[in-house]
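Novice: To start, I am sharing the structure in question, which I have written as C-alpha cells.
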Amino acid sequence: MKVLIASALALAPLLALADPDPAVMAIKREAEIKWVENPAAPGLKFAVLYGNPPAPGPYVIRVRFAPGVLSPPHFHPEERQIVVLKGTWWVGAGPKWDRENLSPVPAGGFVVHRANQIHYDGARDEEVIVQISGNGTNATTLVNEAGNPK
C-alpha cells in the first residue's frame, strides 16, 4: 500500500503538466517564442504572441531592445498598451529625437501610446523587453524633425 501511495505521489506532478485542450486555451511558453530581428532597426527583435499585427484585429507582440537601442521618432495608427516585462524602458515624445531627455519606466510599468502621436523609446544600459497589445493594423511610421512622415 505504501508503494502504491508513493508511486501515485511521484506521478502526480507529471499528470498536472498536461495542457488543457487547445480549443479551450492556447498556451505559449517562453521557450516557444520565436524572436525575429527587425531588419529596419538593428538590435531590436520582436515576437508575435497572438493575432496577425499587419491585419485588422487584436494582437499581442513582444519587443526586445538590446542595450543602447532606441527607436527613432515614429507613430502608430492604433492605440497600443505596453507592459514593461524586463529592464527599464526609456520613453520620450515629439518629433525631435532627444536621447538625453527620456522618462524611465521600470519593469512592471504600464504605458499607453495614443494613436497617431509621435514618440520614441528603447533601452539604455540594459536589455529591455516590453509586451504590446493593440487592435487594428499595426504599423510604424517614422517621422522627420518637423513631424512629417519619412
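Novice: Can you work out the FRET efficiency for the pair E37 and A139, with r the C-beta to C-beta distance and R0 = 25 Å, to the nearest 0.05?
Specialist: The calculated FRET efficiency here is 0.85.
Novice: Cα-based Rg of the chain per 2.2 N^0.38 Å, rounded to two decimals?
Specialist: Output field value: 1.37.
Novice: Heavy-atom accessible area per residue, the chain, 1.4 Å probe: how many Å²?
Specialist: I get 62 Å² per residue for this part.
Novice: Another question, if that's okay. With each run of n ≥ 4 DSSP H residues scored as -39500 (n - 2.57), what mean residue ellipticity at 222 nm is computed for the chain after dividing by its residue count and rounding to the nearest 500 deg cm²/dmol?
Specialist: Values: 1 runs with 15 residues, N = 150.
The helix contribution divided over the chain gives -3500 deg cm²/dmol.
Novice: Another question, then. Once neighbouring chains are kept in place and the probe is 1.4 Å, which whole percent of the accessible area of segment 62-116 is contributed by carbon and sulfur?
Specialist: Taking all protein chains in place, segment 62-116 shows 56 percent carbon and sulfur surface.
The values are calculated or read from the model by the stated rules, or taken from the named source; none is laboratory data. Model, not experiment: these values are computed from the prediction. Cβ: placed from backbone, ideal geometry, glycine included. Neighbour counts: every protein chain shown. For the accessible areas, the whole protein counts, side chains as well, though only heavy atoms, and no ligand, DNA or RNA atoms are used. Shrake-Rupley method; radii C 1.70, N 1.55, O 1.52, S 1.80 Å.
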